[in-house]
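To keep things clear, I will list the structure first and then write my remarks on it.
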Amino acid sequence: MDLKELIPQKLKANFPLVDFEVSDYKGELTIKFDKKNIVEICKFLKQDTDLQFLICSDITAVDWATRKNRFTVVYNIFSLKHNFRLRLKADVDESDCSIDSVTSVWRAANFQERETYDMYGIKFNNHPDLRRMYMPEEFEYYPLRKDFPLMGIPGSLPLPKK
Amino acid sequence: MNQLDDEIHPKILEALLQSRNDYTIEDALENEMILNMGPQHPATHGVLRLLLRLDGERIIGCVPELGYLHRGYEKMAENMSYYEYIPHTDRLDYISPMANNVAWVLAVEKLAGIEAPKRAQYIRMMIAELARIASHLVAIGAFAMDVGALTVFLWTLREREKILDIWDILCGARFTNSYTRIGGVANDAQPEALAKAKWFIDQFEPYLAEVEQLLNTNRIFIERVDGVGAISKEDAIDLGFCGPNLRACGVEFDLRRNAPYLCYSELDFKIPTYTEGDCLARYFLRLDECRESAKIVMQVLDKIPQGPVNADIPKKVLPQKDEVYTKMEELIHDFMIVNFGINPPVGEIYHAIEGSKGELGFYLVSKGDGKPWKCKIRSPSFNNIQALPKLVIGQMISDVVAIIGSIDPIMGEADK
């Protein structure tokens, strides 16, 4: 069976209580669901013997600025067995700006989640080492949010002491 | 320790002291030492900073600190058109800018639904493979130099210089090329450039054999890298290793084969793999990949078809300059594309190529206007550095230099 049908079917059979929003654009399958299920679904996708999504290529977020659920966390995973790329999405609202960490599923998620936290301020619960990736620890803003100006905020990065 | 507390941010120190290590020594020294390596250190290949927790000379904890070269390229991408961003991709992996150009235009073409003509695709394959050779030559040379074999660096850089000469003919620039365009390439490959590429590949193999001979018979080199920084297949996949480093662990994962793009499915090439997963395997693998890439370039030069190098989609692909100056329609299109962008339809795509360091991907979200709403760079070096603590824990401090050299991180793309 085609993986594009098999994956949603399997997910629906194993998680009957979760709403899945499946879309296919330019040959890329995207599955969107509620953020509270993220860890168990990722664990299932990785451990299922038919699917084996062993590689976590990338984790990032999108800031929609004006939408009700302001952020979408995007997971980009790859199955070595089928050479198939899958995108998972979960909405995160600004009022509760957190999502569970998937570092327990893929250790590669560690840096990627830290980067997302650094750039968007989304907290990853149960992350072993949630620090800023690029910006200094004292930095108060999240640079990739749409309300952060391109030129930066004057004075937000203090010069080093002489 | 107390003095260090002032200099290292308490959160980083906490991460270092809590870093899990499954390595214990029976007769541990009473004092542990924290050593700060980098960002200004010649062996860290740029501005990578490592905090090492040492027991004597043995490493029991490691925390990489990134961000010293963070220029905010993802933020900048959201504020400029797709064409404007091409020169910025040069500055990501500055050792192989051509491969980055190819990755970016392929992602944008997928988003906008453009297909480049066959000749342009062959030219792109040629430059991507030559970029891989150039990048691996630097990687091998710098790696050997880090562990004390200085001569090799001079030899490999001499070979790389010839590739830079090819790029000089192709596009007039040696380092920051910006040669590809959305829907094609900036200009057709000149016969001199193709002839020079053929000449380079013809004379390349004996030189590479010399480099190999110089290192493989160097007992100091072999003993410093053999068995050092080994990682298992499972750990490598789980920790996000990619590219040559992953293949050196025995995983046959290469996007040219696993998710073919351009015309790679028409070519005949092997994916070299090693099973040891140590520094020596990573060095051997890069040598093998140079040979495979040379084979690919040879095939490309044989098969390269004649024809146009830019897609005929006037609303999305920039016209040639001489036409802009002489024809009204082209002038209008040029004006519209330069000022308002190419406006790809609303949607999101991810496209990755097998760059010289591994999977180089771009995740683009378009809202239908001239600028990307979101651009995420999936850089291979960033993910390779993540496995560094796993590799160095348990090794001696002098091995750190060898391990960093062998995984070949480029901070320009790791820090974005």
Legend entry - Residues satisfying the stated conditions in region B:113-146, i.e. crowded, with 23+ Cβ neighbours inside 10 Å and outside any helix (DSSP H, G or I): B:Ala116
Inset, instruction - Can you tell me which residue within region B:379-393, out of those that are buried (at least 24 other Cβ atoms within 10 Å of the Cβ) and out of contact with any helix residue (DSSP H, G or I) (no Cβ under 6 Å at 6 or more places or on another chain), is farthest from the other protein chains (Cβ to nearest Cβ)? - result: B:Pro380
Inset, instruction - Could you please give the count of residues in region B:356-405 that are of a type in the set (Gly, Ala, Ser) and under 13 Å from B:Gly243 (Cβ atoms)? - result: 6
Legend entry - Residues of region A:106-157 classified as within 11 Å of chain B (Cβ to nearest Cβ), of a type in the set (D, E, K, R) and in contact (Cβ under 8 Å) with a residue 60 or more places away in the chain, total: 2
Inset, instruction - Considering every residue within region B:245-265, establish whether at least one is touching a residue at least 24 places away in the same chain (Cβ under 8 Å) and polar (S, T, N, Q). - result: yes
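Which members of region B:321-344 meet the condition of being in contact (Cβ under 8 Å) with a residue 24 or more places away in the chain and crowded, with 18+ Cβ neighbours inside 10 Å?
Pass one, region B:321-344, residues in contact (Cβ under 8 Å) with a residue 24 or more places away in the chain: B:337-338, B:340-344.
Hits for region B:321-344 are B:Ile337, B:Gly341, B:Ile342, B:Asn343, B:Pro344.
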Inset, instruction - Would you check if there is a residue in region B:47-56 being crowded, with 16+ Cβ neighbours inside 10 Å, modelled with pLDDT under 85, in contact with a Ser or Thr (Cβ under 6 Å, 6 or more places away or on another chain) and farther than 17 Å from B:Tyr94 by Cα? - result: no
Inset, instruction - Scan region B:372-394 residue by residue and report those that are among the charged types (D, E, K, R) and modelled with pLDDT of 90 or more. - result: B:Lys374, B:Lys376, B:Arg378
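Of all residues being touching a residue at least 12 places away in the same chain (Cβ under 8 Å) and more than 14 Å from the chain's Cα centre (by Cα) in region A:66-77, which is farthest from the other protein chains (Cβ to nearest Cβ)? Just the residue, please. Steps first, answer last, please.
Filtering region A:66-77 down to residues touching a residue at least 12 places away in the same chain (Cβ under 8 Å) leaves A:68-77.
Among the residues that remain, those that are also more than 14 Å from the chain's Cα centre (by Cα) are: A:68-69.
Details: A:Lys68: 17, A:Asn69: 15 Å.
Ranking the candidates gives A:Lys68 first.
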Legend entry - Search result, residues across region B:47-84 that are away from chain A (no Cβ under 14 Å) and part of a loop (DSSP other than H, G, I, E, B): B:Gly56, B:Glu57, B:Ser81, B:Tyr82, B:Tyr83
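Tell me yes or no: at least one residue of region B:192-209 is free of Cβ contacts under 8 Å to residues at least 24 places away in the same chain and either within 14 Å of chain A (Cβ to nearest Cβ) or within 27 Å of B:Thr89 (Cβ to Cβ) (or both).
Of region B:192-209, the ones free of Cβ contacts under 8 Å to residues at least 24 places away in the same chain are B:192, B:195, B:199, B:202-203, B:206, B:209.
Next, from what is left, pick out any that are either within 14 Å of chain A (Cβ to nearest Cβ) or within 27 Å of B:Thr89 (Cβ to Cβ) (or both): B:192.
Yes, region B:192-209 has at least one match.
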Legend entry - Residue check for B:Cys263: within 29 Å of B:Lys118 (Cβ to Cβ) and touching a Phe, Trp or Tyr at 6+ places or on another chain (Cβ under 7 Å): yes
Legend entry - Extreme residue, farthest from the other protein chains (Cβ to nearest Cβ), among residues of region B:212-230 that are under 24 Å from B:Leu137 (Cβ atoms) and part of a loop (DSSP other than H, G, I, E, B): B:Thr217
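Which ones in region B:40-96 are small (Gly, Ala, Ser) and over 23 Å from the mean Cα position of the chain (by Cα)?
So the first thing to find is which residues in region B:40-96 are small (Gly, Ala, Ser), and the list is B:43, B:46, B:56, B:61, B:67, B:72, B:77, B:81, B:96.
Result: B:Gly56, B:Gly61, B:Ser81.
Counting only residues that are closer than 16 Å to B:His88 by Cα and part of a helix (DSSP H, G or I), which one in region B:394-416 is nearest to the other protein chains (Cβ to nearest Cβ)?
Step one: of region B:394-416, the residues closer than 16 Å to B:His88 by Cα are B:410-416.
Subset that is part of a helix (DSSP H, G or I): B:411-414.
Numbers: B:Met411: 11, B:Gly412: 13, B:Glu413: 13, B:Ala414: 10 Å.
Restricting to residues being closer than 16 Å to B:His88 by Cα and part of a helix (DSSP H, G or I), the top hit is B:Ala414.
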Legend entry - Residue list for region B:338-378, filter: among the aliphatic types (A, V, I, L, M), within 13 Å of another protein chain (Cβ to nearest Cβ) and in a loop (DSSP other than H, G, I, E, B): B:Val346
Inset, instruction - Report, by residue number, each residue of region A:12-57 that is without any contact (Cβ under 8 Å) to a residue 12 or more places away in the chain and of a type outside the set (Lys, Arg). - result: A:Ala13, A:Pro16, A:Leu17, A:Ser23, A:Tyr25, A:Gly27, A:Gln47, A:Thr49
Legend entry - Members of region B:261-278 found to be within 14 Å of another protein chain (Cβ to nearest Cβ) and farther than 17 Å from B:Cys242 by Cβ, listed by number: B:Tyr264, B:Ser265
Legend entry - Odd one out for A:Asp63 among (1) farther than 29 Å from A:Asp2 by Cβ; (2) more than 8 Å from chain B (Cβ to nearest Cβ); (3) touching a residue at least 24 places away in the same chain (Cβ under 8 Å): (2)
Inset, instruction - List the number of the failed condition for B:Asp146; all other conditions in (1) within 18 Å of B:Asp408 (Cα to Cα); (2) free of Cβ contacts under 8 Å to residues at least 60 places away in the same chain hold. - result: (2)
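The values are calculated or read from the model by the stated rules, or taken from the named source; none is laboratory data. Here the structure is a predicted model, which is why all the values come from computation and not from measurement. Note: ideal-geometry Cβ built from the backbone for every residue, glycine included; neighbour counts use all protein chains shown.
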